[in-house]
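Asker: Sharing a structure with you now.
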Amino acid sequence: MGIYSCIGKNLEEVQRSLYDGKSGIGVDPMRKEYGYRSPLTGIVDRPLLKGMLDRRLRVGLAEEGEYAYMATLEALRTAGIDTDYLEKNEVGIFYGNDSSAKAVIEAHSIAQAKKDTTLIGSGAIFQSMNSTITMNLSTIFKLRGVNMTISAACASGSHAIGLGYLFIRQGLQDVVLCGGAQETNYYSMGSFDALSAFSMRVDEPAKASRPFDVGRDGLIPSGGGASLILEDYEHALKRNATIYAEVIGYGFSSNGVHISQPSDEGCSVAMARALTDAGVAASDIDYVNAHATSTPQGDMAEAVALNRVFGASRPLISSTKSMTGHECWMAGASEIIYSTLMMQNSFVAPNINFENPDEYSRKLNIADKTVEKNIDLFLSNSFGFGGTNSALVVKKYKA
C-alpha cells in the first residue's frame, strides 16, 4: 500500500492521524480569489519530483498523476517489488480518475492568449486526458499487463480495486496496481461549489466535515493519491511478499434514477452483493468505513441502507471523510488503505465532529472517538454521481 493525502504523506503519518482523529481540512485563499462560495479543501502539498523523476517523464504528469506516483513508489516498496521485477514480470494497472481540469484549462488559456496551439506544450495532451494517470504510471514503471482508467465518479478508486480483484480471480493477471487519485487545484471543483455542495463552516475548517451529524451542511473537497498492489495469493507466497489483507468480496449496483441524488436501495444492493461474493454474513463484519460525505441527502440514504443491512448486528461505523474531506476519485482506494491500517493496528478511527445524530444515524453504531478493537473483516462503501455504487469486503490476513 502507498498513500499521499491531506492527513499524511505516507502510511506511518496517515496511521497516526487516523488514530488521533486529526483533520487535514483548511482554507485555500486561491478559491476565495477565484469566486468560490466555500474555500475549504483538504490541504495536500505538491510533491517535489525534480531529482526523483526524469524531466521527460515529469512533463506528462498532471497534478493528480504526481500524487499517484508518490503513492505508487511507497506501494511498490512495501510490496517488495523493484525495477528488476517490473521489467521481468507482467503487472497490470486499474486506476480511478474522473477529471484533469487544471491541464485542460491551462492549455485552453495558452491557446486563447497566444492564438497558436503549438505553444501549448508537448506534455499538455498527456496531462489533460482522463487516462493521464494510467498512461503515465504504466510508462514510468514499465507495466505491461492490463492498462485501464476507471472513471466512475466518487466510486472510481473502489471499482478499480474491484476490477483488479476480478481479473486476478479469473486468472487473467497475477499482479495489478490499483488505486485512485484526485487533483486539489481550484479549477477542478468550481462546478461542485456552484451547486452549493460544499460546507460553509469556513471559520472552523477542522469541524466542517461532519458525516452523519445533524448539523452537517455539505462536503469538503479533497484529494491526493492512493495505490494498492493486488496479487494472486500463491504468487505472493512464492516471492515471500508481505501480505497485509485479502480482498474477498466486491459488490456493485447502479441506482438508475437521478443523476445526483443518492438511493438507499442502490447502496443496499451493492453491500449485499459484496457480502454474498465474500461468502460472509452481515454479522461477520467488524467495521464499516462509510462513504458518508457530510451532505444531508447522501448521509441519510446511506444511513438507511446501513441500518437495513447491518441493523441487527450493529458493527462499528465511521466515515474517515470527517478527517480527510471527500477525496472524490481517490476515496474508494484511500479508504481501503485507511481501513487496512486500522485492521493492522486494532483500532477504529473516529467519525470526528459527530456530536448530534439525526433520526437515521441515531440507529447506527457510529464511533465518535477512537476505539481499540480487533478487526477481522471490514466493508468499505463508495458511491458516486450517476448512481454508481461499489462495496468491498476485506479480510485480515493470518498466515
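Computed from the coordinates by the stated procedures, all read-outs in this text should not be read as laboratory data. Treat the numbers as computed from the prediction; the structure is a model and nothing was measured. Positions of Cβ are backbone-derived with ideal geometry, glycine not excepted, and every protein chain shown enters the neighbour counts.
Asker: Could you go through segment 1-20 and let me know if any residue there is more than 16 Å from GLU335 (Cβ to Cβ) and β-branched (Val, Ile, Thr).
Answerer: no
Asker: Sort out which residues of segment 84-136 are more than 26 Å from the chain's Cα centre (by Cα) and within 30 Å of ASP174 (Cα to Cα), and write them in order of number.
Answerer: ASP84, TYR85, GLU87, LYS88, ASN89
Asker: A follow-up question, please. Can you confirm whether ASP20 is among the acidic types (Asp, Glu), in contact (Cβ under 8 Å) with a residue 60 or more places away in the chain, in contact with a helix residue (DSSP H, G or I) (Cβ under 7 Å, 6 or more places away or on another chain) and closer than 19 Å to LYS207 by Cα?
Answerer: Here the answer is no, as ASP20 does not meet what is asked.
Asker: Taking segment 23-43, which residues are under 18 Å from GLU204 (Cα atoms), part of a loop (DSSP other than H, G, I, E, B) and not polar (S, T, N, Q)?
Answerer: Hits for segment 23-43 are GLY24, ASP28, TYR36, ARG37, PRO39, ILE43.
Let's see how each residue does on (1) aromatic (Phe, Trp, Tyr); (2) in contact with a strand residue (DSSP E or B) (Cβ under 8 Å, 6 or more places away or on another chain):
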position: TYR69; (1), (2): yes, yes
position: LEU76; (1), (2): no, yes
position: THR118; (1), (2): no, no
position: ALA160; (1), (2): no, yes
position: ILE168; (1), (2): no, yes
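Asker: While we're looking at this one, here's another question. For GLN182, which of the numbered conditions (1) farther than 17 Å from ASN97 by Cα; (2) in contact with a helix residue (DSSP H, G or I) (Cβ under 9 Å, 6 or more places away or on another chain); (3) crowded, with 16+ Cβ neighbours inside 10 Å fails to hold?
Answerer: In the conditions (1) farther than 17 Å from ASN97 by Cα; (2) in contact with a helix residue (DSSP H, G or I) (Cβ under 9 Å, 6 or more places away or on another chain); (3) crowded, with 16+ Cβ neighbours inside 10 Å, GLN182 misses (1) alone.
Asker: Could you tell me whether segment 328-340 includes any residue that is surrounded by 16 or more Cβ atoms within 10 Å (Cβ to Cβ), under 22 Å from VAL214 (Cβ atoms) and under 20 Å from the mean Cα position of the chain (by Cα)?
Answerer: Scanning segment 328-340 turns up no residue that is surrounded by 16 or more Cβ atoms within 10 Å (Cβ to Cβ), under 22 Å from VAL214 (Cβ atoms) and under 20 Å from the mean Cα position of the chain (by Cα).
Asker: A further question on this structure: Taking segment 75-90 only, how many residues are out of contact with any Ser or Thr (no Cβ under 7 Å at 6 or more places or on another chain), surrounded by 19 or more Cβ atoms within 10 Å (Cβ to Cβ) and assigned to a helix (DSSP H, G or I)?
Answerer: Number of matching residues: 2.
Asker: Here's another thing I want to ask about it. Could you list, in sequence order, the residues of segment 352-363 that are more than 14 Å from TYR19 (Cβ to Cβ), touching a helix residue (DSSP H, G or I) at 6+ places or on another chain (Cβ under 6 Å) and crowded, with 20+ Cβ neighbours inside 10 Å? Outline the logic, then answer.
Answerer: So in segment 352-363, the residues more than 14 Å from TYR19 (Cβ to Cβ) come out as 353-363.
Still in the running and touching a helix residue (DSSP H, G or I) at 6+ places or on another chain (Cβ under 6 Å): 353, 360-361, 363.
Once the filter is applied, which keeps residues that are more than 14 Å from TYR19 (Cβ to Cβ), touching a helix residue (DSSP H, G or I) at 6+ places or on another chain (Cβ under 6 Å) and crowded, with 20+ Cβ neighbours inside 10 Å, segment 352-363 yields ASN353, SER361.
Asker: Now for a different question. Would you pick out the residues in segment 137-158 that are surrounded by fewer than 24 Cβ atoms within 10 Å (Cβ to Cβ) and either farther than 21 Å from ASP54 by Cβ or polar (S, T, N, Q) (or both)?
Answerer: Across segment 137-158, the qualifying residues are SER138, THR139, GLY145, VAL146, ASN147, MET148, THR149, SER151, ALA153.
Asker: Only one of these is more than 18 Å from the chain's Cα centre (by Cα), of a type outside the set (A, V, I, L, M, F, W, C) and surrounded by fewer than 17 Cβ atoms within 10 Å (Cβ to Cβ): ARG31, ARG16. Name it.
Answerer: ARG16
Asker: What number of residues in segment 113-148 are of a type in the set (Gly, Ala, Ser), in a helix (DSSP H, G or I) and over 17 Å from GLY96 (Cβ atoms)?
Answerer: First, the residues of segment 113-148 that are of a type in the set (Gly, Ala, Ser): 113, 121-124, 128, 131, 138, 145.
Going one step further and asking which of them are in a helix (DSSP H, G or I), we end up with 113, 124, 128, 138.
Going one step further and asking which of them are over 17 Å from GLY96 (Cβ atoms), we end up with 113, 124, 128.
Of the residues in that region, 3 qualify.
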